[in-house]
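Just below is one structure, and these are the notes that go with it.
Laboratory data are not the source of any read-out in this text; all were calculated from the coordinates shown. Because the structure is predicted, anything quoted here is derived from the model rather than measured. Cβ atoms come from the backbone with ideal geometry, glycine included; neighbour counts cover every protein chain shown.
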Amino acid sequence: METKNVKVEILLPEEYIETLRNKLNDIGILTVGKYDNVVSYSVVKGYWRPLEEATPFKGYVGETSFGTECKMEFSCLYKDIEEVKSIIRSVHPYEEPVINIFPLLN
């Protein structure tokens, strides 16, 4: 079975969601049927520890940090995923953004 659609999850600070949503929507990624700007997000908590060569957005090298961020979710066509990842990386403040991509069966 060939994957046509994927679900994308991104972990990022809440203040970046609107900018990312607008950039993705501007190129038609967030359109579902007769609706656009179709995205959801939830507040999540997590841990991270920047390693030696890291340049952390938050926290300090060698120290475990705990904080709140958001998980932004949307679906898109698999054929657009490279452009989607490029846009995410252009907006995302983290040195190593977490971008999870899941194949969808619908």
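Below is a table of values for the structure above.
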item: Unmet criterion (only one of (1) out of contact with any Pro (no Cβ under 7 Å at 6 or more places or on another chain); (2) within 21 Å of L104 (Cβ to Cβ); (3) surrounded by fewer than 16 Cβ atoms within 10 Å (Cβ to Cβ)) for K58; result: (2)
item: S86 exposed (fewer than 13 other Cβ atoms within 10 Å of the Cβ), under 28 Å from G33 (Cβ atoms) and free of Cβ contacts under 8 Å to residues at least 60 places away in the same chain; result: yes
item: Pick from segment 14-58, criterion of a type in the set (S, T, N, Q) and in contact with a helix residue (DSSP H, G or I) (Cβ under 6 Å, 6 or more places away or on another chain), ranking: nearest to V98 (Cα to Cα); result: T19
item: Any hit, segment 15-32, residues being surrounded by 15 or more Cβ atoms within 10 Å (Cβ to Cβ) and under 21 Å from L105 (Cα atoms); result: yes
item: Pairs, first at positive phi in segment 1-29, second assigned to a loop (DSSP other than H, G, I, E, B) and surrounded by 12 or more Cβ atoms within 10 Å (Cβ to Cβ), C-beta under 8 Å, six or more apart; result: G28/D36
